[in-house]
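J.: This is the structure, below, for whatever I ask next.
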Amino acid sequence: MKLAAVGSNCIDYYNNLDGGKAFPGGGPVNMAVYTVRLGGEAAYIGPVGNDSYGELMIDAMRKKSVDTSHLRVEEGKTAVSQVELVDGERIFGDYEEGVLETYVLSDEDMDFIQNFDVVICDVWGKVEGQFKELKERGITTAFDCATYLESNASEQAIPYTDYLFYSIDENDSSQLREQMKKIHEKGPKYVICMMGTAGSMCYDGKDFHRFGIIPCEEVVDSMGAGDSYIAGFLKGMIEGKTIEEAMKLGAANATETLKYFGAW
């Protein structure tokens with residue numbers, strides 16, 4: 001699979017770790033790295049600032065064999081999320097958007113993206129308004145709403161998304177299934193709900209598919225687990241696996257990420 005990961009990147013700054021420690025991350029960046037980890041190819045298309053964090057981001061991605069040929073370095077700051085680690089769970093604090101605030105894809109970026117099997121963006125990526133054009137170009141699209149299903153960004157992307165992901169902190173229920181059906185009616189081919197320790201569920205317009213989790217012996221840091229699932233699921237689907245096989249690949253990839261500090 002060749003994944004084009006578009007939009008948001010950010011430095012995850014853990015303020016209570018070793019007196020303060022910066023890790024490169026952000027949903028699409030993570031998904032690109034995890035796709036390569038699974039044996040696929042990936043490029044990141046998005047902006048970083050001309051600061052030390054931008055240099056850290058570029059260097060880290062290149063070391064993970066992610067194509068950065070369409071990454072843009074812009075005057076200003078790289079995005080930063082403040083993170084605190086409490087019992088293996090990440091608690092997010094302030095988020096500074098930096099150069100992401102005004103980001104849009106160029107025509108050249110879109111031409112480049114057409115060389116890939118699927119393009120993924122998340123709710124912070126700023127290109128949701130361009131998903132219609134991506135879809136009209138015949139590109140397979142994926143979007144991660146995270147926990148912001150009803151945000152303006154999600155609402156704009158949903159009608160033009162093939163694989164729609166979102167996260168909740170609850171279990172399977174009739175209300176959840178109704179919600180997923182309503183989302184599907186808006187346009188996506190597949191609606192995938194990630195439910196944390198309750199596993200995941202996918203609705204394909206006809207049937208609901210369920211998969212649990214693959215146990216992790218020791219959870220070190222949950223940062224990037226959802227992004228890992230998305231990368232695994234998309235790789236499985238693009239390569240012709242069944243929905244259940246794709247869900248299993250996503251779950252296994254997420255468990256791998258739980259074992260270490262930072263997203264990767």
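The values are calculated or read from the model by the stated rules, or taken from the named source; none is laboratory data. Since we're looking at a predicted model, the values are computed, not measured. Heads up, the Cβs are rebuilt from the backbone with ideal geometry, glycines too, and the neighbour counts pull from every protein chain shown. Ligands, DNA and RNA are stripped out before the accessible areas are found, and what is left, the full protein with its side chains, is counted by its heavy atoms. Shrake-Rupley method; radii C 1.70, N 1.55, O 1.52, S 1.80 Å.
J.: 5 Å is the cut-off here: which amide hydrogens, built 1.01 Å from N in the peptide plane, fall below it relative to Ser8, excluding neighbours closer than 5 in sequence?
T.: Asp122, Gly125
J.: Can you order the peptides 90-96, 242-248 by their average number of other Cβ atoms within 10 Å per residue, highest first? Each step should come with its number before you reach the end.
T.: Details: 90-96: 12.4, 242-248: 18.3.
The most tightly packed comes first, giving 242-248, 90-96.
J.: Which of the peptides 249-255, 81-87 is most tightly packed, and how do the rest follow, judged by the mean count of other Cβ atoms within 10 Å per residue? Each step should come with its number before you reach the end.
T.: On the way: 249-255: 22.9, 81-87: 15.3.
Result, highest mean Cβ count within 10 Å first: 249-255, 81-87.
J.: Roll a 1.4 Å probe over the protein chains and send me the accessible area per residue for the range 61-163 in Å².
T.: On the way: 5210 Å² over 103 residues.
Per-residue accessible area for the range 61-163 comes out at 51 Å².
J.: Subtract the Cα-Cα distance of Lys241 and Ser52 from 0.36 nm times their separation in residues, and report this length gain in nm to one decimal.
T.: Values: separation 189, 0.36 × 189 = 68.04 nm, distance 4.10 nm.
Roughly 63.9 nm would be gained on extension.
J.: Can I ask one more? Using bins 10 angstrom wide from zero, how does P(r) for the range 24-101 break down, in % of all Cα pairs?
T.: Binned Cα distances yield the sequence 18, 46, 31, 5.
J.: Among Lys21, Lys186, Lys206, whose mean-square fluctuation peaks in a Gaussian network model of the chain (Cα, cutoff 10 Å)?
T.: Its mean-square fluctuation being the largest, the pick is Lys206.
J.: Right, next: Once phi is turned into ³J(HN,Hα) by the Karplus curve 6.51 cos²θ - 1.76 cosθ + 1.60 with θ = phi - 60°, what whole-Hz value does each residue of the range 54-62 show in order, with x for glycine and proline?
T.: Per residue, the Karplus-derived 3J(HN,Hα) values read x, 4, 4, 4, 4, 4, 5, 5, 5 Hz.
J.: Taking amide H atoms as placed 1.01 Å from N in the peptide plane, list the residues 5 or more away in sequence, or in a different chain, whose amide H sits under 5 Å from that of Ser167.
T.: Those lying under 5 Å, H to H, from Ser167 are Ala146, Thr147, Tyr148, Met194.
J.: Here is a further query. So who's got an amide H within less than 5 Å of the one on Val83, skipping anything under 5 residues away but keeping other chains? H placed 1.01 Å off N, in plane.
T.: Tyr13, Tyr14, Asn15, Gly93
J.: Counting only the backbone N, which residues of the range 3-40 are under 11 Å from the spot 7 Å out from the Cα of Glu84 toward its beta-carbon?
T.: What the label zone holds, given the 11 Å backbone N cut-off, is 15-16.
J.: At q = 0.09, 0.16 Å⁻¹, what base-10 log of I(q)/I(0) does the Debye formula yield for the chain when every alpha carbon is treated as an equal point scatterer in vacuo?
T.: Results for the chain at q = 0.09, 0.16 Å⁻¹ read -0.36, -1.23.
J.: Highest mean first, what order results for 60-67, 3-10, 119-126, 157-164 on Cβ atoms within 10 Å? Mind dumping the intermediate values first?
T.: Numbers: 60-67: 17.1, 3-10: 29.0, 119-126: 26.2, 157-164: 22.8.
Per-residue mean Cβ counts within 10 Å order the peptides as 3-10, 119-126, 157-164, 60-67.
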